[in-house]
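Structure below; questions to follow.
Each value in this text was obtained by applying a stated rule to the coordinates, not by laboratory testing. The shown structure was predicted, so the numbers you read here are calculated from the model rather than taken from an experiment. Counting neighbours? That spans all protein chains shown, and the Cβs are built from the backbone with ideal geometry, glycine included.
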Amino acid sequence: MILGDLTKHAGEWLRGEGPSHDVVVSSRVRLARNQAGMPFLSRCTDGQKQELEAHLRQHILASGIAGNILYVDIAAAGELDRQLLLERHLISREHAQSHHPCGVVISESETLAIMVNEEDHLRIQVLRSGLRLEESMAEIFQIDDKLEERIDFAYHSRYGYLTACPTNVGTGLRISAMLHLPALKMTGDIDKAIRAARDMQLEIRGLYGEGTEAAGDLFQISNQTTLGKSEEQLVRDFSQRTIPKFIDYERRARQVLLKKQPAAFEDKIYRAIAILRSARVMSSQETMYLLSLLRLGIMVGKVTDIDLKTVNEVFLLTQPAHLQKILKREMNPQERGEARAAFIRTRLGAG
Amino acid sequence: MDFKCDKCEKPATVYLTEIHNGKKIEKHLCETCAATEGITIQPNVSISQLLEEFVLHTGPEDELARKDLTCDVCGLSFSEFRQQKLLGCPHDYDAFERLLLPLVERAQGGASQHVGKVPHKAGNEQKKHNALLRLRGDLKGAITSEDYERAAMLRDQIKELENT
């Protein structure tokens, strides 16, 4: 398995399947872990970082956590490869900018990614399409158990798993769901939903994490509590109580739009398709906006000749690094705009 | 319980408790009336905001911080932690405990004890300890939600575990 293979398809989180996939694009669980007896990363010398990276990589690769796995040495990776991994949600923005010894382990299905030497020594994530948090939790526990056979993690009888930032201490668990909320955006109720999320002590942010705009009406909602509750309870609360509320808000907003302004609503969707199938220059921002409408059209049954998987693939593969990797050349934004429009026309079956 | 706005009878969404000269005054307002009173509604603070606030915070703990506690394992001082918001090594949790604990509790909704997964290598005692904590938490939840059947079952489980 090589990095270039990734561009042939969309990652697991964009398969467009799983429970409540009309609203929940993907589910993610993440565990933060640190090697016992070593300083946290910000306090490591260059030598220690190197030592950690080699030690952790060796043990992860030997632990048999997944069949076919790929290790990417981030420090040695070029800008485009880093961007590619970021676009696929396999590494964080911070990791994509790192120049110290660090890397990422990726399973073939891309459901598993382990960042080595990020803010914590290990950041293990399991990513799935649809609302499948319990399943993801079970999987990540198995992985964590296997890693624990080989690696001693910093652990404290009171505080649990110790992390570089005290806001992750305890379970080290962050649970998130990526939600597609276009109808709430259209009805103007998205601000209420965001406020509700914050009132529930949740973090809500755009597609690529902290400080990013909610491109394509995609919002990432995460829990903030990591201590005082078991992992099972945290997942249960999030998956069975929190997220269903947002699914319900969005579904209701879709019904409102369908009932109250059917013509205007359909018009928006069909115009989006017309532009996607005809435009000659397309920015990634506009692409995300139009694909969001197309996705919505499919979900409410207004569009039947394009499937969700195609939409998701186009969504990912038209992002800057993917586009350049697929076309095997570096392009400036203008060239990308033209290449993107052509790519979309082909994929969506237009002239 | 749902309150009506003290001023206009609309449903109140803002609840305020003010202490004036040692007297507690409760106010219930709707969003509009709250705004005219000059009260802006802030969403609940995020953890990073809390940390920010904590960094700027001047309180009794400051006495301790002023002496600038330093971890004897990694050499990180508490003021450095305040600046970078990241700890230097696992031992910092013990070295800075008195200063760190209030922050952890505030960030974690009052919790300061891990009840989740325990590494296999950690002693069985630790596992038992955490399992008991978890069961007791569940028991509390069951009682609150008046699920007495589950509560009785949990109580039995706790007793059984305590006797092993």
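For the pair A:LYS245 and A:SER283, how long in nm is the line joining their label points, each one 7 Å along Cα→Cβ?
Here the answer is 3.5 nm between the modelled labels.
So, by mean Cβ neighbours within 10 angstrom, what's the order for B:96-109, A:224-237 with the highest one leading?
Ranked by mean Cβ neighbours within 10 Å, highest first: A:224-237, B:96-109.
With only alpha-carbon pairs counted, each pair once and no self-pairs, how large is the Kirkwood hydrodynamic radius of the range A:146-202 in angstroms?
Value: 14.6 Å, from the Cα pair sum.
Inside 10 Å of the C-beta atoms of A:31-41, what's the mean count of C-beta atoms belonging to other chains?
The per-residue average across the peptide is 3.
From the phi angles alone, apply the Karplus equation (6.51, -1.76, 1.60; θ = phi - 60°) to the range A:310-316 and give each ³J(HN,Hα) in whole Hz, x where the residue is Gly or Pro.
4, 4, 5, 5, 4, 4, 6
Which whole-Hz ³J(HN,Hα) couplings does the range B:87-100 yield from phi under the Karplus relation 6.51 cos²θ - 1.76 cosθ + 1.60, θ = phi - 60°, glycine and proline marked x?
7, x, 7, x, 5, 4, 4, 7, 4, 9, 3, 4, 8, 7
Moving on. Could you point to the residue in A:LEU173, A:TYR161, A:THR187 farthest towards the positive end of the range A:158-199's charge dipole, with +1 and -1 charges on the Cβ of Lys/Arg and Asp/Glu respectively?
A:TYR161
Counting pairs of alpha carbon atoms under 8 Å apart in space and at least six apart in sequence, what relative contact order in percent does the range B:81-164 give?
17 percent.
What is the average number of partner chain Cβ atoms found within 10 Å of a Cβ in B:103-110?
Average neighbour count from other chains, rounded to a whole number: 5.
Compute the long axis of helix A:46-62 from its Cα atoms, compare it with the longest principal axis of the Cα atoms of chain A, and write down the angle in degrees, 0 to 90, nearest 10.
That helix lies at roughly 70 degrees to the long axis.
Could I ask something else about it? Helix A:262-278 versus the longest principal axis of chain A: what angle, 0 to 90°, nearest 10, using Cα atoms?
Tilt relative to chain A: about 70 degrees.
So, one more: Have a look at the range A:1-106 and give its Rg and Dmax from the Cα atoms, expressed in angstrom.
15.6, 48
Next question. Round to the nearest 10 and give me the degree value, 0 to 90, for the angle of helix A:190-199's Cα axis relative to the longest principal axis of chain A.
20 degrees
For a distance above 14 Å, tell me the whole-number percent of Cα pairs in the range B:76-127 that qualify.
63 percent
Measuring from label point to label point, each 7 Å out along Cα→Cβ, what is the A:LYS8 to B:LYS140 span in nm?
Going from the A:LYS8 label point to the B:LYS140 one covers 5.3 nm.
For peptide A:225-237, what's the mean number of Cβ atoms from other chains within 10 Å of each residue's Cβ?
Partner-chain Cβ atoms within 10 Å, mean over residues of A:225-237: 5.
Further question: Around A:GLU118, which amide H atoms from residues at least 5 apart in sequence, or from another chain, sit under 5 Å from its own amide H, with H modelled in the peptide plane?
Counting only residues 5 or more places away or on other chains, the set is A:ARG123.
Based on alpha-carbon positions alone, could you give the equivalent ellipsoid semi-axes of the range A:149-249 from the gyration tensor, as √(5λ), descending, whole Å?
Sorted largest first and rounded, they come to 30, 14, 11 Å.
Here is a follow-up. Can you tell me which lysines have their Cα less than 24 Å from the Cα of A:LYS309? Leave out same-chain residues fewer than eight positions away.
Of all the lysines, those that pass the test against A:LYS309 - Cα under 24 Å, at least 8 places apart if same chain - are A:LYS8, A:LYS185, A:LYS268, A:LYS325, A:LYS328.
If you build the convex hull over the alpha carbons only and average its shadow over all orientations, what do you get for chain A? Give it in nm² to one decimal.
Directional mean of the projected Cα hull area for chain A stands at 17.4 nm².
Next up: Simple spin-label model, 7 Å along Cα-to-Cβ: B:THR32 to B:TYR148 in nm?
4.7 nm
For the peptides A:241-251, A:81-91, what is the packing order when you average, over each peptide's residues, the other Cβ atoms within 10 Å and list the highest mean first?
Highest to lowest by the protection proxy: A:81-91, A:241-251.
Would you please classify the overall shape of the range B:74-164 from the alpha carbon gyration tensor, given that a ≥ b ≥ c denote the square roots of the eigenvalues, rounded means a/c under 1.5, and beyond that prolate means a/b larger than b/c while oblate covers the rest?
oblate
Classify the range A:194-331 as rounded, prolate or oblate from the Cα gyration tensor: take a ≥ b ≥ c as the square roots of its eigenvalues, call it rounded if a/c is under 1.5, otherwise prolate when a/b beats b/c and oblate if not.
Verdict is oblate for the range A:194-331.
If I take R0 = 25 Å and measure r between the Cβ atoms of A:LYS260 and A:ASP191 in this structure, what FRET efficiency does the formula 1/(1 + (r/R0)^6) give, to the nearest 0.05?
With a Förster radius of 25 Å, E is 0.80.
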